[in-house]
Amino acid sequence: MDHRIERISEAIREELSEMIGYEMADPRVGSAMVTEVQISPDKRHAFVRVRVADDADAKQTLAALEHARGFLRRELTQRLEVYRIPELHFEADVATAIGPKMEHLLKRVKKGRPRDPEPPAEGL
(Lines give C-alpha, C1' and ligand atoms only; values in the text may rest on other atoms or scores of the structure.)
Protein backbone atom coordinates (compact mmCIF):
# COMPACT_ATOMS: atom_id res chain seq x y z
CA MET A 1 0.00 0.00 0.00
CA ASP A 2 1.14 3.50 -0.80
CA HIS A 3 2.57 5.42 2.15
CA ARG A 4 0.35 8.42 1.37
CA ILE A 5 -2.78 6.25 1.42
CA GLU A 6 -1.72 4.83 4.79
CA ARG A 7 -1.25 8.32 6.24
CA ILE A 8 -4.60 9.53 4.90
CA SER A 9 -6.47 6.45 6.17
CA GLU A 10 -4.93 6.81 9.64
CA ALA A 11 -5.80 10.52 9.78
CA ILE A 12 -9.38 9.79 8.68
CA ARG A 13 -9.67 6.99 11.25
CA GLU A 14 -8.51 9.27 14.07
CA GLU A 15 -10.80 12.14 13.09
CA LEU A 16 -13.83 9.91 12.52
CA SER A 17 -13.26 8.21 15.89
CA GLU A 18 -13.26 11.58 17.60
CA MET A 19 -16.30 12.88 15.70
CA ILE A 20 -18.39 9.73 16.19
CA GLY A 21 -17.39 9.30 19.81
CA TYR A 22 -17.72 12.87 21.05
CA GLU A 23 -19.48 15.15 18.57
CA MET A 24 -22.42 13.22 17.10
CA ALA A 25 -25.70 13.64 18.93
CA ASP A 26 -27.55 10.75 17.26
CA PRO A 27 -28.45 8.19 19.95
CA ARG A 28 -28.49 5.37 17.37
CA VAL A 29 -24.72 5.61 17.03
CA GLY A 30 -24.20 4.68 20.67
CA SER A 31 -20.69 3.54 21.44
CA ALA A 32 -19.56 2.79 17.89
CA MET A 33 -15.82 2.70 17.39
CA VAL A 34 -13.92 3.06 14.12
CA THR A 35 -11.49 0.16 13.83
CA GLU A 36 -10.10 0.53 10.32
CA VAL A 37 -10.27 2.74 7.25
CA GLN A 38 -9.28 1.33 3.86
CA ILE A 39 -8.91 3.71 0.94
CA SER A 40 -9.24 2.63 -2.67
CA PRO A 41 -6.13 3.07 -4.86
CA ASP A 42 -7.72 6.01 -6.71
CA LYS A 43 -8.40 7.70 -3.32
CA ARG A 44 -12.07 8.29 -4.14
CA HIS A 45 -13.65 5.81 -1.72
CA ALA A 46 -12.95 5.05 1.92
CA PHE A 47 -14.37 1.92 3.51
CA VAL A 48 -14.80 2.55 7.22
CA ARG A 49 -15.10 -0.48 9.49
CA VAL A 50 -17.05 0.20 12.65
CA ARG A 51 -17.22 -1.96 15.76
CA VAL A 52 -20.60 -1.79 17.44
CA ALA A 53 -21.18 -2.54 21.12
CA ASP A 54 -22.83 -5.88 21.91
CA ASP A 55 -25.99 -4.26 23.28
CA ALA A 56 -26.45 -1.95 20.25
CA ASP A 57 -28.12 -2.79 16.95
CA ALA A 58 -25.54 -2.83 14.15
CA LYS A 59 -28.08 -2.06 11.40
CA GLN A 60 -29.36 1.03 13.20
CA THR A 61 -25.83 2.22 13.91
CA LEU A 62 -24.78 1.82 10.28
CA ALA A 63 -27.98 3.53 9.12
CA ALA A 64 -27.24 6.48 11.42
CA LEU A 65 -23.68 6.74 10.12
CA GLU A 66 -24.88 6.56 6.51
CA HIS A 67 -27.35 9.34 7.31
CA ALA A 68 -24.54 11.47 8.79
CA ARG A 69 -22.10 10.71 5.96
CA GLY A 70 -22.36 14.21 4.46
CA PHE A 71 -21.77 15.89 7.81
CA LEU A 72 -18.77 13.67 8.56
CA ARG A 73 -17.22 14.25 5.14
CA ARG A 74 -17.71 18.01 5.43
CA GLU A 75 -16.05 18.00 8.85
CA LEU A 76 -13.15 15.95 7.50
CA THR A 77 -12.74 18.50 4.72
CA GLN A 78 -12.38 21.28 7.29
CA ARG A 79 -10.01 19.34 9.57
CA LEU A 80 -7.67 17.63 7.10
CA GLU A 81 -5.54 19.28 4.47
CA VAL A 82 -6.20 16.80 1.70
CA TYR A 83 -7.00 17.65 -1.91
CA ARG A 84 -10.00 15.33 -2.04
CA ILE A 85 -11.73 13.65 0.87
CA PRO A 86 -12.85 10.18 -0.22
CA GLU A 87 -16.51 9.24 -0.17
CA LEU A 88 -17.27 7.34 3.02
CA HIS A 89 -18.78 3.85 3.04
CA PHE A 90 -19.55 2.32 6.44
CA GLU A 91 -19.55 -1.40 7.18
CA ALA A 92 -19.70 -3.46 10.34
CA ASP A 93 -16.45 -4.90 11.58
CA VAL A 94 -16.45 -8.68 11.11
CA ALA A 95 -14.71 -9.21 14.44
CA THR A 96 -17.83 -7.84 16.15
CA ALA A 97 -19.99 -10.64 14.80
CA ILE A 98 -17.59 -13.56 15.16
CA GLY A 99 -15.52 -12.39 18.13
CA PRO A 100 -16.89 -14.73 20.85
CA LYS A 101 -17.01 -17.72 18.50
CA MET A 102 -13.44 -17.08 17.36
CA GLU A 103 -12.23 -16.97 20.96
CA HIS A 104 -13.98 -20.29 21.63
CA LEU A 105 -12.37 -21.89 18.56
CA LEU A 106 -8.92 -20.62 19.48
CA LYS A 107 -9.27 -22.05 22.98
CA ARG A 108 -10.28 -25.43 21.54
CA VAL A 109 -7.30 -25.48 19.17
CA LYS A 110 -4.96 -24.54 22.02
CA LYS A 111 -6.29 -27.49 24.05
CA GLY A 112 -5.78 -29.83 21.09
CA ARG A 113 -9.47 -30.34 20.26
CA PRO A 114 -10.01 -28.64 16.90
CA ARG A 115 -13.63 -29.72 16.35
CA ASP A 116 -16.72 -30.57 18.29
CA PRO A 117 -17.39 -34.32 18.23
CA GLU A 118 -19.85 -35.29 15.51
CA PRO A 119 -22.87 -37.42 16.49
CA PRO A 120 -22.68 -41.05 15.27
CA ALA A 121 -24.51 -41.76 12.03
CA GLU A 122 -27.73 -43.70 12.58
CA GLY A 123 -29.08 -46.41 10.34
CA LEU A 124 -25.78 -47.84 9.16
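The values are calculated or read from the model by the stated rules, or taken from the named source; none is laboratory data. Predicted model only: the values in this text are computed from it and were never measured. Virtual Cβ from ideal backbone geometry, glycine too; neighbours counted across all protein chains shown.
Just a few scattered comments:
- Within region 42-79, considering residues that are free of Cβ contacts under 8 Å to residues at least 40 places away in the same chain and under 12 Å from the mean Cα position of the chain (by Cα), the one surrounded by the most Cβ atoms within 10 Å (Cβ to Cβ): 61
- Scan of region 1-30 for residues that are more than 14 Å from residue 80 (Cβ to Cβ), part of a helix (DSSP H, G or I) and charged (D, E, K, R), ordered by number: 6, 23
- Those residues of region 46-79 which are among the polar types (S, T, N, Q) and modelled with pLDDT of 90 or more, in sequence order: 77, 78
- Some residue of region 100-121 being at pLDDT below 65 and of a type in the set (Asp, Glu): yes
- Test: residue 82 is surrounded by 12 or more Cβ atoms within 10 Å (Cβ to Cβ) and at pLDDT 80 or above: yes
- Search result, residues across region 31-56 that are under 16 Å from residue 20 (Cα atoms) and either of a type in the set (Ser, Thr, Tyr) or not in a strand (DSSP E or B) (or both): 31, 32, 35, 52, 53, 56
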